[in-house]
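To start, the structure under review is shown below, and the notes come after it.
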Amino acid sequence: MLTRQDGLQVGVFTPDDLELMRNAFHLALSSEKGLDGSDKGEDLGRSIIRLYRMGLHEPQKLGAVAALMTSTRLVRNTGRLHIS
């Protein structure tokens, strides 16, 4: 049974899943200059996990979309998607 914790579903990732998400995270940080704060890093990580669970598994696209979401404040530190 999956539970919710910190706005994310708790689940199981394989080492390959984690490596892919780590690569996406580092690609996003290297391409987006506005993502240098620790709170932005947490938001970026949340976005990557959420998008990965939705089926986006290409590291470049995953990092780019997550960076866009984080830099445009679509995802804030609450872990919820905000659309205004």
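The values are calculated or read from the model by the stated rules, or taken from the named source; none is laboratory data. Keep in mind that what you see is a predicted model, and the values were worked out from it rather than measured. Cβ placement follows ideal geometry from the backbone for every residue including glycine, while neighbour counts extend to all protein chains displayed.
Scanning region 27-53 for residues that are loosely packed, with under 12 Cβ neighbours inside 10 Å and either modelled with pLDDT of 95 or more or assigned to a helix (DSSP H, G or I) (or both) yields Ser30, Ser38, Asp39. The condition of being among the basic types (Lys, Arg) and modelled with pLDDT of 90 or more holds for only one of Arg80, Arg22, that being Arg22.
Pairing each residue of region 43-57 that is more than 13 Å from Asp17 (Cα to Cα) with any residue that is among the polar types (S, T, N, Q) and assigned to a loop (DSSP other than H, G, I, E, B), provided the two are 6+ apart or on different chains, yields C-beta distances under 8 Å for Asp43/Asn77.
For residues that are acidic (Asp, Glu) and at pLDDT 80 or above, scanning just region 1-19, find the one that is surrounded by the most Cβ atoms within 10 Å (Cβ to Cβ). The selected residue is Asp17.
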